[in-house]
Amino acid sequence: MAIVGPIILVDDDREDKELLREVLVELGIENKLIHFENCIIAFDYLKSTADIPFIIISDINLPKKNGIDFKRQIDEDPILRSKSIPFVFFSTSTDKKSVDVAYKEMTVQGFFQKPTSYHDLKRVIKLIFDYWQECKHPNA
């Protein structure tokens, strides 16, 4: 499945990164996976690259800066905001307050709880990528 642009993963759990990499391979998603363990480095990359990522997948609970603040920083940057990069939260914690903030205060396109089984992880990732591959948006 060829989709334009790299996949940006912001997650401090290396095991989750490896599981996602395995799922992408099994699903035939050939995009380069670029992984960052914190939002500060991820934001610096987004500011410095000419690439327009296919999607940003971010955990909420991260060291140094959380995913909510990371998304706010992207939304407040006119250049990054104009890139219209799809952004989804993919987190173990999905408390109501975080979900409300994500949808009511910013432009997040999805909030998913990390599945506990490999089968469910593969199902959710396939759903996300199938949606964004078909969706009409400025980067399509």
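Just so it is clear, none of the values below were taken in a lab; they were calculated from the coordinates. Bear in mind the structure is a predicted one, so any value in this text is a computation, not a measurement. Every residue, glycine as well, gets a Cβ built from its backbone with ideal geometry; the counts of neighbours run over all protein chains shown.
From the P(r) of the stretch 9-134, can you give the percent of Cα pairs sitting at distances over 26 Å?
Above the 26 Å cut-off, the stretch 9-134 has 15 percent of its Cα pairs.
Treat the count of other C-beta atoms within 10 Å as a stand-in for reagent exposure and order Cys135, Cys39 from fewest to most.
By the 10 Å Cβ count, ascending, the order reads Cys135, Cys39.
Can you compute the charge dipole magnitude of the chain about its Cα centre, using +1 on each Lys and Arg Cβ and -1 on each Asp and Glu Cβ, nothing else charged? Give it in debye, rounded to the nearest 20.
Dipole of the chain, to the nearest 20 debye: 300 debye.
Can you tell me the Rg and Dmax of the stretch 1-78, counting just the alpha carbons, in angstroms?
Over the stretch 1-78's Cα set, Rg and Dmax evaluate to 12.5, 36 Å.
Using amide H atoms built in the peptide plane, which far-off residues or other-chain residues are under 5 Å from Asn31 H to H?
The answer is Ile3.
For the residue pair Glu105 and Lys83, what label-to-label distance in nm results when each label sits 7 Å from Cα along the Cα-to-beta-carbon direction?
Here the modelled spin labels are 2.4 nm apart.
For the chain, what is the number of Lys pairs with C-alpha distance below 15 angstrom, counting only pairs 8 or more positions apart or on separate chains?
Close lysine pairs under the 15 Å cut-off: 11.
For Asp75, put the label point 7 Å out on the Cα→Cβ axis and report which residues of the stretch 28-63 keep their amide N under 13 Å from it.
Backbone N within reach: none found.
Could you state, as a whole-number percent, how many of the C-alpha pairs of the stretch 99-140 are farther apart than 17 Å?
48 percent
So what J values fall out for the stretch 51-62 if you push phi through Karplus, 6.51 cos²θ - 1.76 cosθ + 1.60 with θ = phi - 60°, rounded to Hz, Gly and Pro as x?
The phi angles translate into 5, 10, x, 5, 7, 10, 10, 10, 6, 8, 8, 10 Hz.
Work through the residues other than Leu24 whose Cβ is under 12 Å from its Cβ and net out their charges, Lys, Arg +1 and Asp, Glu -1.
Residues near Leu24 contribute +1 overall.
I need the helices of the chain that pass two filters: whole DSSP H segments spanning 15 Å or more by Cα along the axis, and mean Kyte-Doolittle score no lower than -1.0.
Span-like helices, by this rule, are 14-27, 118-134.
Quote the relative contact order of the chain in percent (integer), defining contacts as alpha-carbon pairs under 8 Å separated by 6+ residues.
So the answer I get is 23 percent.
Need the full-extension length gain, Thr92 to Asn61, defined as separation in residues times 0.36 nm minus the C-alpha distance. One decimal, nm.
10.3 nm
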